[in-house]
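Some notes on the structure that comes next.
Each value in this text was obtained by applying a stated rule to the coordinates, not by laboratory testing. Computed from a prediction, not measured in an experiment: that's the story for all the values here. Positions of Cβ are backbone-derived with ideal geometry, glycine not excepted, and every protein chain shown enters the neighbour counts.
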Amino acid sequence: MSEEQGLTVKKSGNFSEWYTQVISKAELADIRYNVKGFLVHRPWSVKIMKNMYSLLERELEAKGHEPVWFPSVIPESFFEKESEHAEGFKAEVFWITEGGSDGKKFEERLALRPTSETAMYTMFALWIQGWKDLPMKMYQSCQVWRYEGKATRPFIRGREFFWIEAHDVFATEREALAQVKEDMETTENIVHKMFCLPFLFLVRPKHDTFAGAVNTFAADSVMPDGKIIQLPSTHMLGQNFSKAFDIKFLDENEKKTHAWQTCYGPAVWRIFGAVVAMHGDDKGLVIPPAISAIDAVIVPIMFEKDRKEVSEKCEAVKKSLEKVGLRATIDARDNYTPGWKYNYWELKGAPVRIEIGPRDVKAKKVVLVRRDTGEKTSVDEKNAAEEVRKILEGTQKSIMEKADGFFQKNIRDASHFNEMKKLLDDKGGLIRTNWCDKQSCADDIKEKAQADIRGTLFGKTEKIFNKCVVCGKEAKSVVYVGRAY
Ligand SMILES: [Zn+2]
């Protein structure tokens with residue numbers, strides 16, 4: 001393999017450089033477009049993200065959400081209706097101010113949506129009249145734009161990214177709170193079980209709540225470099241937005257009541273970045289079969305004299321896989337050696353490689369190579385599809401177990417500030433500790449340990465095991481601390 005083809009750094013040696021090389025060498029994205037925070041997405045990443053989208057969309061629709069597409073522009077007057085929300089997003093909005101060849105200024109500026117609460121809730125106020133219209137659960141798969149000041153990174157932080165936003169409206173607070181739990185289950189079913197990303201679902205502290213929300217709940221995971229990454233989050237909006245947007249309904253007693261709302265935002269683009277970072281190895285991508293672009297790649301090993309037999313065998317094996325719903329491709333390119341192709345498909349994380357040469361044709365065998373372990377087996381060609389399926393199941397399971405094991409190891413307890421700081425410096429991850437609930441202690445953690453209080457565990461009160469990690473006074477809750485992307 002030429003130096004240009006493979007990765008030249010080890011993941012454990014230089015994670016940041018490893019990530020950069022994987023993005024370009026596995027042909028996920030091209031950064032040469034050269035507009036800060038905007039990325040050119042290549043087919044391989046788009047195919048995987050489309051699979052991620054479709055699993056999430058199916059799950060949301062099964063739970064009563066309906067798809068919508070809203071305009072990508074939001075008039076400034078809509079945007080400003082909920083003042084905390086407007087204030088919180090102010091620094092991140094791209095504004096469209098003029099159009100046409102004479103640069104005619106618009107009477108009202110249009111925000112390029114950074115998130116769609118203010119667009120959707122303007123319409124929800126028109127759509128919701130009586131209690132029979134509730135609950136109303138909608139989602140859209142779309143791009144959003146945020147004027148990001150920090151350094152951008154493909155699939156981790158950008159000025160344009162791809163996500164799903166689900167917006168739900170209920171008649172009662174109880175139903176809205178139940179939705180938070182449902183969103184956590186959606187995250188478990190898809191982000192954990194399908195994408196193999198473990199997480200803790202945390203209740204963010206008040207000072208770190210989404211602009212305009214009553215409470216924010218977020219799934220935090222740990223990346224290989226020990227940094228924390230936020231996966232989906234859900235916001236309990238209470239009646240803040242329904243009051244600002246006048247979303248009212250006539251209840252059963254003919255009384256006008258403001259609705260209760262939640263929103264949920266799985267950022268597919270960023271979750272994809274976490275998939276790349278978490279599961280990849282020194283050879284390149286390792287993608288959970290549940291979302292991989294293909295299941296198997298067939299690499300013919302042939303010389304001129306046996307070209308016909310080998311090609312025919314490859315086609316036959318491909319058909320036998322497709323017959324049972326597996327997705328296979330044949331890499332028949334003439335200008336590359338089989339060895340080069342092996343490396344190429346390992347880099348791209350094809351879960352199974354099928355090698356077929358003249359000897360295999362004679363023996364009615366095929367060689368299967370499993371991407372995540374490198375394990376190689378020779379199987380009867382008539383069992384190829386069944387054996388591939390078994391490998392895929394095994395791969396999905398072991399990618400998840402490996403990630404779970406890594407995550408569990410990276411949640412550590414600390415009772416004292418120096419102990420916490422040392423763990424953050426040496427290993428990162430999430431530190432479980434005790435907090436008095438005072439903002440000043442949270443600020444101290446930020447300033448002296450360069451870390452954030454990520455929150456308390458959702459749905460469970462953990463037993464306090466020491467005094468506040470900062471001030472030494474009585475602790476009010478067990479919290480998780482980490483350094484985030
Ligand atoms: Zn304290």
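I'd like the full set of residues that are more than 10 Å from the ligand (Cβ to nearest atom) and either charged (D, E, K, R) or over 14 Å from K206 (Cα atoms) (or both), limited to region 437-456.
Passing the criteria: D443, K446, E447, K448, A449, Q450, A451, D452, R454.
Could you check, for region 295-304, whether at least one of its residues is out of contact with any His (no Cβ under 7 Å at 6 or more places or on another chain) and in a helix (DSSP H, G or I)?
Within region 295-304, one or more residues are out of contact with any His (no Cβ under 7 Å at 6 or more places or on another chain) and in a helix (DSSP H, G or I).
Is at least one residue of region 161-181 of a type in the set (D, E, K, R) and in a strand (DSSP E or B)? Even if it seems obvious, please write down each step before you answer.
The initial filter retains those residues of region 161-181 that are of a type in the set (D, E, K, R), namely 165, 168, 173-175, 181.
Right, trim to in a strand (DSSP E or B) and you get 165, 168.
Yes, some residue in region 161-181 is of a type in the set (D, E, K, R) and in a strand (DSSP E or B).
Sort out which residues of region 56-82 are of a type outside the set (A, V, I, L, M, F, W, C) and touching a helix residue (DSSP H, G or I) at 6+ places or on another chain (Cβ under 8 Å), and write them in order of number.
Answer for region 56-82, where residues must be of a type outside the set (A, V, I, L, M, F, W, C) and touching a helix residue (DSSP H, G or I) at 6+ places or on another chain (Cβ under 8 Å): E59, K63, P67, P71, E80, K81, E82.
Any idea how many residues of region 408-437 are buried (at least 16 other Cβ atoms within 10 Å of the Cβ) and assigned to a helix (DSSP H, G or I)?
5
Of everything in region 465-485, what is surrounded by fewer than 18 Cβ atoms within 10 Å (Cβ to Cβ) and within 12 Å of the ligand (Cβ to nearest atom)? Give them in sequence order.
Correct list: N466, K467, C471, G472, K473, E474, K476.
Among the residues of region 414-460, what is the count of those that are hydroxyl-bearing (S, T, Y) and under 27 Å from the mean Cα position of the chain (by Cα)?
2
Within region 55-78, can one find any residue that is surrounded by 13 or more Cβ atoms within 10 Å (Cβ to Cβ) and more than 30 Å from F124 (Cα to Cα)?
Taking every residue of region 55-78 in turn, none turns out to be surrounded by 13 or more Cβ atoms within 10 Å (Cβ to Cβ) and more than 30 Å from F124 (Cα to Cα).
Quick check on this structure: which one of S311, S292 is within 30 Å of R359 (Cβ to Cβ) and surrounded by fewer than 23 Cβ atoms within 10 Å (Cβ to Cβ)?
Testing whether each residue is within 30 Å of R359 (Cβ to Cβ) and surrounded by fewer than 23 Cβ atoms within 10 Å (Cβ to Cβ) leaves just S311.
Residues being in a loop (DSSP other than H, G, I, E, B), touching a helix residue (DSSP H, G or I) at 6+ places or on another chain (Cβ under 9 Å) and within 21 Å of H235 (Cβ to Cβ): count how many of those fall in region 438-464.
From region 438-464, those in a loop (DSSP other than H, G, I, E, B) are 438, 450-451, 458-464; that's our starting set.
Of the ones still in play, those that are also touching a helix residue (DSSP H, G or I) at 6+ places or on another chain (Cβ under 9 Å) are 450-451, 458-459.
Among the residues that remain, those that are also within 21 Å of H235 (Cβ to Cβ) are: 458-459.
Counting residues in region 438-464 that are in a loop (DSSP other than H, G, I, E, B), touching a helix residue (DSSP H, G or I) at 6+ places or on another chain (Cβ under 9 Å) and within 21 Å of H235 (Cβ to Cβ) gives 2.
Limited to region 418-436, what total is found for residues that are within 13 Å of the ligand (Cβ to nearest atom) and of a type in the set (V, I, T)?
1
Return the pairs, sorted by first residue and then second, in which the second residue is part of a loop (DSSP other than H, G, I, E, B) and of a type in the set (S, T, Y), the first residue lies in region 342-354 and is more than 13 Å from W44 (Cβ to Cβ), the beta carbons are less than 7 Å apart, and the residues are 6+ apart or on different chains.
So the pair list comes out as P351/S292.
With the condition kept exactly as written, say whether any residue in region 374-394 is over 25 Å from the mean Cα position of the chain (by Cα), within 16 Å of the ligand (Cβ to nearest atom), more than 28 Å from E188 (Cβ to Cβ) and buried (at least 18 other Cβ atoms within 10 Å of the Cβ).
Scanning region 374-394, I find no residue that is over 25 Å from the mean Cα position of the chain (by Cα), within 16 Å of the ligand (Cβ to nearest atom), more than 28 Å from E188 (Cβ to Cβ) and buried (at least 18 other Cβ atoms within 10 Å of the Cβ), so the answer is no.
Give me the strands (runs of 3 or more DSSP E) completely within region 329-386, filtered to those with at least 3 residues that are of a type in the set (A, V, I, L, M, F, W, C) and in contact with a Gly (Cβ under 6 Å, 6 or more places away or on another chain), ordered by residue number.
Once the strands (runs of 3 or more DSSP E) in region 329-386 are filtered for at least 3 residues that are of a type in the set (A, V, I, L, M, F, W, C) and in contact with a Gly (Cβ under 6 Å, 6 or more places away or on another chain), nothing remains.
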